[in-house]
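The values are calculated or read from the model by the stated rules, or taken from the named source; none is laboratory data. Small disclaimer: the values here were computed from a predicted structure and weren't measured. Here the Cβ is made from the backbone with ideal geometry for all residues, glycine too, and neighbour counts use every protein chain on show. To get the accessible areas, we keep the full protein, side chains included, count just its heavy atoms, and leave off ligands, DNA and RNA. Shrake-Rupley method; radii C 1.70, N 1.55, O 1.52, S 1.80 Å.
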Amino acid sequence: MDGRQWRSIIEGAQAGDRRALDELVAGWLPLVHNIVGRALNGHADVDDVVQETMLRAVDHLGSLRDPDSFRSWLVAITMRQIRERSRRRTAEPLADGAGEQAAVFAELTVLRLQLEGQRREVAQAVRWLDDEDRQLLSLWWLEVAGELTRRELAAAVGISRQHAAVRVQRTKQRLEIARDIVRALDGHHPGAGNTPCPDLRLVTARWDGRPDSVWRKRLARHIRGCAYCSGAREAVVPAERLLVGIALVPLPVGFTLSLAFGGKTAVAATSVGWSAKVLGLLTKPAVPVTAGATLAAGGLYVVTRAPDDPSPGLAAPTAASTARPPSGRTGAPSASATPSPSPSASPSPSPSKTRVQLYGTVVDAVDSAPAASALPAALPRRAEKGVTATGAPATGLTHRGETVTLSGQGYFRVRWQVLPQQRTGALLMPTWTGLSDKLFHVASGGGHRMDDVQSGSTDGTTWMGGPSVGYAVLPSGTQQMWQNEYFWIDGTVTLHQNEGPADYNLFVQTSTWDKVTEDVRTGPAQGVIRYGLVRDNGEDTAPVPQYLTRSTPADPATVSPRSQVTS
């Protein structure tokens, strides 16, 4: 969710529009529910803290000066309520059933999101973290998924971005220890037939099954000294790659947020100093979250619709629940729960009510890398009168919001540079808007795909990242980029850099048929990793670029992750 898309709704709610307020609360409730649920480890107080947070946000909505900062503001309120709840409960003994409540939220994450393998282990490992780590993880989880920025995370915790980086790294280390514990207890050991460690049975003989800091230390100590259990660390995918693929946990069917704060009366509300505006809301119907709706990627609340229905105006796609790790990595989880479209499928229907004639085939489908020695097909020759590129900074498209407009007839190249050492996480793909006439994706080159292992790497680091720095992760169904991607245009189109949260740069340069051919036919014999790949068939059915549309949306990052060519 991007707060900027909600500006008009926020302003309406501030002006007293009840419908806008309902939409605002329903739209942001999943985000708050997940932060609180994970931070409190599924404690029975989760619902109360969620209600307190939303009520406080409504009560102070009028004090928000900049609607574009709503997300940061709401997350900060959420964390304050979580910390307040922690202070209230510090001296209280653990209530009966608290361990079971924690298990409930962990299992909700696993079951409602249909998690398997190492993503399931990460969700369950959270139960072993201390309160402070869980609170930070509840925010870092969203940062990796593209729902928060590092600046917003730091502001919510009340520390500097530099200090936040140190805190996140420490939490990641403790999360990895917790993952080792989950794997050991589940008996996931390479070559051991998923048989639990015999010595571990003796260690846990008196354990009541509830995760806590004492048992975390005991089990971690055993794992460090046990060759059988420590073997489970092999082929473990870094947490940030897994977290990208874990979306917000959907609210339970029938969940209702009561602005009456758990049924308190107006008299009780007055005694704690609630504002007159909130007192007025107490007499209104609750905000329902019904079974006839669905959570879009990233948790945005939208009504379920048929493919031919108009696209909802606020359904901004993110990579949160659809991320795919770089292919070919040992231990990588499955690409997606939803089958990817085939490379020959027709583009997605137009969001307009009237169908229009489409051209080309989609390229936003997962494809396999060809063999290193496989020579590409011949590149069809298309007309070349020359292409001009305007608007691009001299240093290339290195920041979100930068654009370049291509005009003319001929070939051009887009060169990729992914920078996981700077910032990892979900990679928001660039988008093409304002298209007139035609644009085709004709070839891929540069000697390697971005998920190929770098020459000289000893730990499998690719151009998308590695175990030491983390990974930039593509949305599900996205075709893996090569270092050089070539296109042919007859008309005009604008390319948008949508960087965030993963860091990447794009360098656009005009090209020719001869240069493209030379690139894709330069292979291992000349010292590169692999030959290129020709995608052009010379016809109007040739592939179009990923995330292509004729329209010019207010925020190009909201272009649906399917190539669409609409009138």
message: On the basis of being under 17 Å from the mean Cα position of the chain (by Cα) and within 20 Å of Val473 (Cα to Cα), does Glu143 make the cut?
response: yes
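Residues Arg119, Arg127, Arg112: which one is modelled with pLDDT under 80, basic (Lys, Arg) and in contact with a Gly (Cβ under 9 Å, 6 or more places away or on another chain)?
Of the residues listed, the single one that is modelled with pLDDT under 80, basic (Lys, Arg) and in contact with a Gly (Cβ under 9 Å, 6 or more places away or on another chain) is Arg119.
Given the options Tyr504, Tyr486, Tyr471, name the one that is aromatic (Phe, Trp, Tyr) and either open to solvent by 10 Å² or more (accessible area, probe 1.4 Å) or closer than 23 Å to Lys385 by Cα (or both).
After applying the criteria, what remains is Tyr486.
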- prompt: Taking region 392-401 as the region of interest, how many residues are open to solvent by 40 Å² or more (accessible area, probe 1.4 Å) and farther than 20 Å from Gly470 by Cβ?
  reply: 6
- prompt: Among the residues of region 1-14, which ones are open to solvent by 70 Å² or more (accessible area, probe 1.4 Å) and modelled with pLDDT under 85?
  reply: Arg4, Arg7
message: Looking at region 473-490 only, could you name the residues that are at pLDDT 90 or above and within 20 Å of Pro238 (Cα to Cα)?
response: Gln480
- request: Considering every residue within region 17-30, establish whether at least one is within 25 Å of Gln124 (Cα to Cα), within 27 Å of the chain's Cα centre (by Cα), in contact (Cβ under 8 Å) with a residue 60 or more places away in the chain and open to solvent by less than 40 Å² (accessible area, probe 1.4 Å).
  value: yes
message: Quick check on this structure: which one of Arg174, Arg167, Arg216, Arg221 is at pLDDT 85 or above, farther than 30 Å from Thr78 by Cα and open to solvent by 20 Å² or more (accessible area, probe 1.4 Å)?
response: Arg221
statement: Going through (1) under 28 Å from the mean Cα position of the chain (by Cα); (2) buried (at least 18 other Cβ atoms within 10 Å of the Cβ); (3) not aromatic (Phe, Trp, Tyr) one by one, Gly410 fails only at (1)
- request: Mind counting the residues in region 421-450 that are open to solvent by less than 10 Å² (accessible area, probe 1.4 Å) and assigned to a loop (DSSP other than H, G, I, E, B)?
  value: 2
- prompt: Which ones in region 507-525 are acidic (Asp, Glu) and either touching a residue at least 24 places away in the same chain (Cβ under 8 Å) or buried (at least 21 other Cβ atoms within 10 Å of the Cβ) (or both)?
  reply: Asp519
query: Is there any pair linking a residue in region 63-79 that is within 16 Å of Glu52 (Cβ to Cβ) to one that is in a loop (DSSP other than H, G, I, E, B) and open to solvent by less than 30 Å² (accessible area, probe 1.4 Å), with Cβ under 6 Å and at least six apart or on different chains, and which?
result: Trp73/Leu64
- request: From Pro380, Pro376, grab the single residue that is out of contact with any His (no Cβ under 7 Å at 6 or more places or on another chain), crowded, with 17+ Cβ neighbours inside 10 Å and in a loop (DSSP other than H, G, I, E, B).
  value: Pro376
- request: Please work out which residue is farthest from Val528 (Cα to Cα), limiting yourself to region 451-460 and to residues that are open to solvent by 30 Å² or more (accessible area, probe 1.4 Å) and not hydrophobic (A, V, I, L, M, F, W, C).
  value: Asp459
task: Scan Ala178, Ala154 and give me the residue that is over 21 Å from the mean Cα position of the chain (by Cα), small (Gly, Ala, Ser) and more than 14 Å from Leu31 (Cβ to Cβ).
output: Ala178
